[in-house]
1. For region 5-108, state which trypsin sites (Lys or Arg not before Pro) are in a DSSP loop and have at most 15 other beta carbons lying within 10 Å of their beta carbon.
2. Between their Cα atoms, which of LYS33/LYS438; LYS197/LYS377; LYS519/LYS557 are more than 25 Å away from each other?
3. Scaled to the compact-protein estimate 2.2 N^0.38 Å, what is the alpha-carbon radius of gyration of region 468-535, rounded to two decimal places?
4. Using Cα-Cα distances under 8 Å and only pairs 6 or more residues apart, what relative contact order does the chain have, in percent?
5. For region 498-561, take the convex hull of the Cα atoms, compute a quarter of its surface area, and give me that in nm², please.
6. Would you mind checking the radius of gyration and Dmax of region 70-225 based on alpha-carbon positions, in Å?
7. Per the Kirkwood treatment, what hydrodynamic radius in Å, one decimal, follows for region 1-143 from the mean inverse distance over all distinct Cα pairs?
8. For the chain, take the longest principal axis of its alpha carbons; what is the angle in degrees between that and the long axis of helix 454-473, to the nearest 10 within 0 to 90?
Amino acid sequence: MPQQKNHSYDVIVVGSGASGGWACKRLAEAGLKVALLEAGRPQSDKNFTEHKPEFELKYRNRAPEIVRKTRPIQVKFGVCNEYTFNWFVNDLEEPYTTPAGKPFDWMGRLRMTGGRTNVWGRVSLRFSDWDFKAASFDGYGENWPLGYKDIEPYYDLVEKYVGITGSAEGLEHLPDGQFQPPVPLTCQETLFRNRLKEKLGRTVMPARSANLTKPINGRGPCHYCGPCERGCMTHSYFNSAFTTVADALNTGNCTLISNAMVYKVLMDPGRNRPRGILYIDRNTRQAREIYARTVILCAQSQESVRILLNSATPQYSNGLANSSGVLGHYLTAHVRSGGGSGEFPAFGARPSLGGPVKPLGIYIARFRNLQNAPPYKKFLRGFGYEGESSTEFNWKAPGFGEAYKKALLEPRTSIGITGFGEVLPRWDNFVELDPSVKDTYGIPVLKIHMSDGENERAMIQDMGDSAGEMLEAAGAKNIRTYAHPSAPRWALHEAGIARMGSDPKKSVLNQFQQSHDVKNLFVMDASGFTSNPCQNPTLTIMSLAVRSCDYLMSELKRNSI
Ligand SMILES: Cc1cc2nc3c(=O)[nH]c(=O)nc-3n(C[C@H](O)[C@H](O)[C@H](O)COP(=O)(O)OP(=O)(O)OC[C@H]3O[C@@H](n4cnc5c(N)ncnc54)[C@H](O)[C@@H]3O)c2cc1C
Ligand code: SF4
């Protein structure tokens, strides 16, 4: 391959999503020269279509088979549709493999500035010491090498900038944050909240979500149009493309290099330190090198670990920074194939095709295996639920003509909830390189080995059963529950394959997401998570990235890396 050279930077950041955006902002605002390598195209407000009606689309957003031709995996999650599909990876050009009998749908692979934050669900929850120190409570796995007090100031900092709407609930295991005013609950959600507290002592709250209810930094409050996954011209939800990355670029210290598909970290011969990155320009297919004193991988868990595995050297023959042999192992991702729904009184709500749409619903806090109760016998750890109420037309009304039109307007008001459960880190859930398959850029791809264990199966069953119990306690009618303990694995919240730990023999990164082996190499996405608590991960990903950048800067100042 012909190689072209570029000039040097203080730091190279790979990936412009949740973690990479924050790394660039923090470092560039402090005066460091940062190169941001992003495999995707630049994002722009011109691409946002949240107000575009379906009838203006060629296929009226009714032809998933068109999307399926190039994105057969991505289309399985509804946010990849006729509006957005070209933001997503082309599954045929950038494949991965799985072993027989262990299917795994790796969805949400974005190729735009902002990464997954373009389309994410925005639920933003803190972890607590019930998560960081879970191994001390139940004896399973490893504690994180940091605790709640270490990350708390960074949660505060990130929440204030991102803008998280939410309510203070005073739960020790789901700490309150720096909230913007909450989006009010609907009447049905209020009834559900009150009855669950009264009858079962469980907490239902307005979802804590990265949607603004007050303006900040030139971003307007949400005007309830609904489809955030298609972008937002008023920048009312958090997307790193128009927040952290934009701030970093505005400093003049950060250079965004788009369409840069990173292949490997380049090591300095004879010295145990990276000197830069080798990437493939996606447009020209030419290989390029770029140099810096420090490399930070923020490409999303599997992608960052793929880069490390592809960066093997004679010294690190099984993957860069992998003297422990742990790299690629302990893959975790939430299980969410249990839940339920039920009908509630309408309380005067009327169905509408054009009314305001709340972009967030409710969250039910974890209630298993916590303080003040004996351990739950069927499984370790716990799960929470995301949910929402909806008021629909009575599409299934019998009859036709005038009578049907009238019946159609009778509202069908329901609440649906879906469990999000912790998956225990296990050695035999792992990723490795598949020596027989390369992507369209000539880069070896990942083989992903992932399946659920007994703990996950028991938890999924309980998600369904508990959903039924709660809907019944709230007085819902026509309750339907589901639990699919053997559903194939899929994920949007993957973590843990370059885990943090205090012992370099059992972990890849230290508590600042710095490689134990190679001091000026950091991995600041969720690969460093020692476990994957049931709360959604991104608030913690961002807060850890800021904390690790502060550590990196102090180390650079001391000249110790
Ligand atoms: C539909 C959906 C809903 C979600 N809902 C929630 C939610 O409600 N709450 C929550 O907390 N989380 C949610 N998530 C997860 C959340 O989006 C991720 O946790 C978060 O964005 C991960 O941040 P990251 O920086 O690790 O990676 P990303 O945000 O994915 O960014 C990674 C970037 O790296 C780039 N990249 C990858 N490989 C390379 C390479 N080799 N070279 C150069 N660049 C590369 C990608 O193009 C991408 O832009 C959701 C995700 C999806 C897809
Ligand atoms: S619902 Fe709110 S945050 Fe979402 S796209 Fe509309 S205005 Fe933006």
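Only the coordinates and a few stated rules stand behind these numbers; no lab work does. Because the structure is a prediction, the values reported are computed rather than measured. Counting neighbours? That spans all protein chains shown, and the Cβs are built from the backbone with ideal geometry, glycine included.
1. Those satisfying the criteria are LYS58, ARG60, ARG62, LYS69.
2. Exceeds cut-off: LYS33/LYS438.
3. In units of the globular-protein estimate, region 468-535 measures up at 1.79.
4. Relative CO of the chain lands at 21 percent.
5. 4.1 nm²
6. Just the Cα atoms of region 70-225 yield Rg and Dmax of 19.5, 53 Å.
7. Kirkwood hydrodynamic radius for region 1-143: 18.7 Å.
8. So the inclination is approximately 30 degrees.
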